[in-house]
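Heads up: the structure comes next, in structure tokens.
The values are calculated or read from the model by the stated rules, or taken from the named source; none is laboratory data. It should be emphasised that the depicted structure is a prediction, and the values quoted were computed from it without experimental measurement. Methodologically, a virtual Cβ is constructed for each residue, glycine included, from the backbone with ideal geometry; neighbour enumeration extends over all protein chains shown. For the accessible areas, the whole protein counts, side chains as well, though only heavy atoms, and no ligand, DNA or RNA atoms are used. Shrake-Rupley method; radii C 1.70, N 1.55, O 1.52, S 1.80 Å.
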Amino acid sequence: MKTNSIKNILLIAVVSVLVISCSTTNQYQRSQDFTDGLYGGAETAESNLANESWQNLFNDPILDSLIAEGLRNNFDLQAAVQRVVAAESNFLQSKAALAPSLSGQAGHTYVKNSESTSPNGPDHYNASQITLQSSWEIDFWGKLSNAKKSAYANYLATDAAHKAVQTRLVANIASVYYSLLALDANLEITKATVQNSAELVETMKALKESGSVTGAAVVQSEAARYAAEVTIPDIEQQIRENENTLCILLGRTPGKVERGKLENQQAHELLEVGVPAELLDNRPDVMQAEYSVISAYHITNSAKAYFYPSVTLTASAGLESLEFGDLFDPASFAANVVGGLVQPIFNKRANKTRLEVAKAQQEEALLNFKSTLLNAGAEINDALSMYDASLQKIELRNKQLDALEKSVDYTKELLVYGSATYTEVLNAQQSLLNAQLSDVNDQVQQLNAVVSLYRALGGGWK
């Protein structure tokens, strides 16, 4: 009867432990509401640009080689890798915290007593010992296991942060590369304009000799030529600055950067964005934010467990002897096992504060996650809008360029025959120059829109 009572008590205790333990566990649940309508009016599709490798996205082998170099040598990316290594070590340590600790100890004690304290006994004695000690906290309430899960989520978040650095690096290298191509094109256009202006100056001088124009026309044409030529040093300076920026991204010292031509670039045309839910598994900063939420959930669970008693088993075993010569005698073996239970009663509000802070940080992490998702959706919409705008502008710009090129040719012919003034020729040339430079910007805008969309969707790390 007594045995049955003890069994019943143990059964009730075990059930109680399980019930209380479950009540301290709050598992993270991903909600589909997070991504509903995230793309706004953008059309979804089955395929996703983010799943395209960067090697297949850009149609320029030189750019591909630069990106590969950056992924090997960029210092920010290497630092991100080291943060992943550190996070992995923290996770392994939290995992090891679930196992018993084991330590060894060896010592020798010598005590000499005064004659007054040991009139009939020895005035000194020796003691030697070699022991192994072990301690194990039984994780009834999930305090340690939740800390381990939190550390693992932090490790995954750090790994996602490393992926975010890589996606940003790929996008930045491509953007700076396209900026260099645009500056090269601007420089070429400006030099051609200066050459045309120089020819116009000679034409004006010849017309002045024939009395068709005045000296003012010659001076005006020279001023227009120098106005175009004076912009060349600024363009060349911008080229050097962009080359240096690209070299930093590549992890190399400043210098010249090999590159192609803007006219040979082709923007990726299949801009499919998949469905919003894919952002949770594709975009690294979104992944990082969600892992931070998961980590915060487990930290809260761990904080709840501090309100319940901790159960610890300690054990020691070893050899102890008053004489060193008898230390390794089997009779010197000694061992003990102790079980202890500690229930917090008053600990200066530490447990309550820990839980309140954990809940606040959990809510903060959730808000940051939602904000990151909204920002991702906005970036995707912006990139799609920028791409559509560039297509419209390129189409209209081609018509404008065609008309302006004819206008320059016509006004030059009319000037020779005296049917147009020199100001009309200068205005036509200036309008053509502005349109050509704007056309370069339109092309770069289209290329950068693809890069921005690729990064916004989470491409570049797979």
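Some notes on this structure:
- When the surface is traced with a 1.4 Å probe over the full set of protein chains, Arg240 keeps roughly 110 Å² accessible.
- Exposure ranking of Asp60, Asp234 by accessible area [1.4 Å probe, largest first]: Asp234, Asp60
- The slack between Ile235 and Gln195, meaning 0.36 nm per residue of separation minus the straight C-alpha distance, is 12.7 nm.
- Estimated 222 nm signal from helices in the chain, with DSSP H stretches of n ≥ 4 weighted -39500 (n - 2.57), rounded to 500: -22500 deg cm²/dmol
- Reciprocal of mean inverse Cα separation for the chain (Kirkwood radius, Å): 29.6
- The Rg/Rh ratio for the stretch 131-193 is 1.59, where Rg is the radius of gyration of the alpha carbons and Rh is the Kirkwood radius.
- Projecting the Cα atoms of Thr421, Leu432, Ala449 onto the charge dipole of the stretch 401-462, computed from C-beta unit charges around the Cα centre, puts Ala449 farthest toward the positive end.
- Modelled label reach - Glu379, point 7 Å along Cα→Cβ, the stretch 272-296 residues with backbone N closer than 11 Å: 283-287
- Over the stretch 387-454, relative contact order from alpha-carbon pairs under 8 Å, at least 6 apart, %: 48
- Counting only residues at least eight positions apart within a chain, or on another chain, the lysines with an alpha carbon under 22 Å from that of Lys412 are Lys191, Lys205, Lys208, Lys399.
- Carbon + sulfur, % of accessible area of the chain - ligands and nucleic acids excluded, 1.4 Å: 55
- Burial ranking of peptide ranges 243-251, 151-159 (average Cβ count within 10 Å, highest at the top): 151-159, 243-251
- Only protein heavy atoms count here; under a 1.4 Å probe, Met386 has an accessible surface of about 60 Å².
- Under 27 Å from the Cα of Lys149 - lysines, other chains or at least 8 residues apart: Lys95, Lys163, Lys304, Lys352, Lys359, Lys370, Lys462
- With the highest mean first, a sort of the peptides 46-54, 254-262 on other beta-carbon atoms found within 10 angstrom per residue produces 46-54, 254-262.
- Packing around the peptides 169-176, 89-96, taken as the average count of other Cβ atoms within 10 Å per residue, puts them in this order, highest first: 169-176, 89-96.
- Rounded to the nearest 10 degrees, the inclination of helix 422-457 to the longest alpha-carbon principal axis of the chain is 20 degrees.
- Asp402 accessible area, assembled protein chains, probe 1.4 Å, Å²: 80
- Accessible area per residue, Å², the stretch 26-87 with all protein chains present, probe 1.4 Å: 57
- Relative contact order (%) - the stretch 168-308, alpha-carbon pairs under 8 angstrom, separation at least six: 27
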